[in-house]
Amino acid sequence: MKNYLVLILFFIYQSTFSQQNIGREFRGVWIATKENIDWPSSKSLTTEQQKKEIIELLDLFKSLNFNAIIFQIRPSADAFYNSKYEPWSSYLSGENDKAPAPYYDPLAFIISETHKRGMEFHAWLNPYRAIVNYKKFQSNPFPLTYEKPEWFINYGKNKYFDPGIPEVRSYTNSIVADIVQNYDVDAIHFDDYFYPYKIAKEKFPDEASFKEFGGKFYPKHVDDWRRNNVNLIIEELYTTIKTIKPWVQFGISPFGVWRNKNVDPKGSDTQAGQTNYDDLYADVLFWLKNKWLDYVLPQDYWHIGFKKADYIKVARWWSENNFDTNLYIGQGMYRLGSNKSKAWKKENKTEIEKQLDFNRSISNINGSAYFSAKSFFKNPLGINDILKKEYYSNVILPPSTNHNQKFTPEAVINVKFTKEKNKIFKLSWDIIPENKEKEANKFLVYQFKSDEMVDLDKQSKIIELTGHKFIEMSKKDLKNGNVFHIIAVSRNNNISTSAQYIK
């Protein structure tokens, strides 16, 4: 080994581990922008303050070894990006259609910062909500509501696009196509809002569109027609996304209950007051059967033992009905430490720990996402330290997607080790330019001691998941080993053979 003190040796190591053996888990968090829930914290922040808050959020979740950000870029018919269709969101500046000043594109900025940290960016949109609390909506309103008034329906306090109008589907497709075409997103993400949650004693007023576009469903089968409207847009969006960029995922986070068992024997053993199928007209199982989703992330925000919707019963039901689609569970982090329920208070283990323990006992539950980001700044019951120590102690890749297309990247090349200023060392590498499907966009870096067996399935040996083509280390870091392995990761999380470098 003394020769290695004089010579720097580089060679490509053809790894023997498989795509399946390497550890995988989705670790995501929702960053909500509607009503400034998570970001920006105020409508009066400057551009630099907004950027600072984004950096703080991303650094926090990077430090907790998360690997995905689900960021709300279109809470209604507004935009946190430079849209050619819709106005800038009032949640950015307090005014509708006012661009940030000094100008920057928040979506482009957060995508770039997310990818630098080796994390996925999931662009979260709401398909049908147009204006929140439309009666109080300020001046300079959404022009389309005047240009196409027949597209919109007032229900409760909000204004919605009418899902029954074909032109509305085309418009929504254009919105999504514009985002996928012009931004380097890893996924398009919808949550549980399709047709709005029902309001007692208030009928959803879509009679006119049902009469005009109901076809074979008119006049007796309005519920089936509504479900078909949502089915159509899900299929069309999946096709749109994959046509433009096949590697971009399409994921949905539905309300936790598809149907109750007392209504449908295929449903879950729950007593939910509203359900996807019967009230939101979201037939998620139909989408899963037709392979229109890359992942499903049901919102299982109840506690274990909750009578009307037991966390375990809901999660297990989805594990039995995901139709081989990547399944992650939405965790109700916002409830942890709540005074409203004993279950969410600290006992021997927090409720979140118990839920994660259950998730990991089910082989096809492939990870979690948490609502929402600000809960982690509050750190209820010390959950951040618990997650980092007991559950997320090591870096890990998200599950692979687009299973019918491998998109395997080439191994990295030109690995070198240089000494920088201030006693910092840099390990860097290059990639072979490829088409976007196969091109690496992040990298796993392992570190071993010279007398240690190289085991690339050992997660504890991963020291970094990064979007950069380098990592920096101190002299102290080098005491942990002088053998490095770098693995290139494609946009759908497939991996290359590893490149070994010995210092």
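Every number in this text was worked out from the coordinates using simple rules, so none of it is lab data. Remember, it's a predicted structure, so these values are computed and weren't measured experimentally. With ideal geometry, Cβ positions are generated from the backbone for all residues, glycine too; neighbour counts draw on all protein chains shown.
Once the Kirkwood radius over Cα pairs is known for the range 318-373, the Stokes-Einstein relation at 10 °C and 1.306 mPa s delivers a diffusion coefficient of 129 µm²/s.
What separates the Cα centres of the range 227-258 and the range 318-350 is a distance of 25 Å.
Using a/c under 1.5 as the rounded threshold, could you call the range 26-391 rounded, prolate or oblate? The axes a ≥ b ≥ c are square roots of the C-alpha gyration tensor eigenvalues, and prolate needs a/b larger than b/c, oblate otherwise. Taking the square roots of the gyration eigenvalues as a ≥ b ≥ c, the range 26-391 is oblate. Residue 274 to residue 503: FRET efficiency via 1/(1 + (r/R0)^6), r the Cβ-Cβ distance, R0 51 Å, to the nearest 0.05? The value I calculate is 0.30.
Around the Cα centre of the chain, unit charges on the Cβ atoms of Lys, Arg, Asp and Glu (plus for the first two, minus for the last two) sum to a dipole of about 1300 debye. Multiplying the residue separation of residue 235 and residue 416 by 0.36 nm and subtracting their alpha-carbon distance yields 60.5 nm. For residue 464, the residues whose modelled amide H falls within less than 5 Å of its own, excluding neighbours fewer than 5 places apart on the same chain, are 445.
The distance between label points at residue 264 and residue 358 comes to 2.2 nm (points 7 Å beyond Cα on the Cα→Cβ vector).
Residues of the range 184-218 with an amide N closer than 12 Å to a point placed 7 Å from the Cα of residue 224 along the Cα-to-Cβ direction: 215-218. Per residue, the convex hull spanned by the alpha carbons of the range 69-184 comes to 106 Å³.
Given axes a ≥ b ≥ c from the Cα gyration tensor, I'd like to know whether the range 152-214 is rounded (a/c under 1.5), prolate (a/b larger than b/c) or oblate. Verdict is oblate for the range 152-214. Think of it as helices only: each DSSP H run of n ≥ 4 in the chain is worth -39500 (n - 2.57), and spread over all residues that comes to -7000 deg cm²/dmol at 222 nm. Our summary gives the chain a relative contact order of 17 percent, counting only alpha carbon pairs under 8 angstrom and 6 or more residues apart. What FRET efficiency comes out for the pair residue 286/residue 199, r = Cβ-Cβ distance, R0 = 25 Å, nearest 0.05? After rounding, the FRET efficiency stands at 0.45. Max-minus-min Cα coordinates of the range 355-503 on each principal axis give 43, 41, 31 Å, with the largest extent listed first. Compared with the direct C-alpha span, the chain from residue 112 to residue 48 gains 21.5 nm at full extension, assuming 0.36 nm per residue. Would you please give the FRET efficiency between residue 307 and residue 408, computed as 1/(1 + (r/R0)^6) with r the Cβ-Cβ distance and R0 = 45 Å, to the nearest 0.05? That pair, residue 307 with residue 408, gives E of 0.40.
Overall, the range 177-325 carries a charge dipole of about 520 debye about its Cα centre when +1 sits on the Cβ of Lys and Arg and -1 on the Cβ of Asp and Glu, all other atoms neutral.
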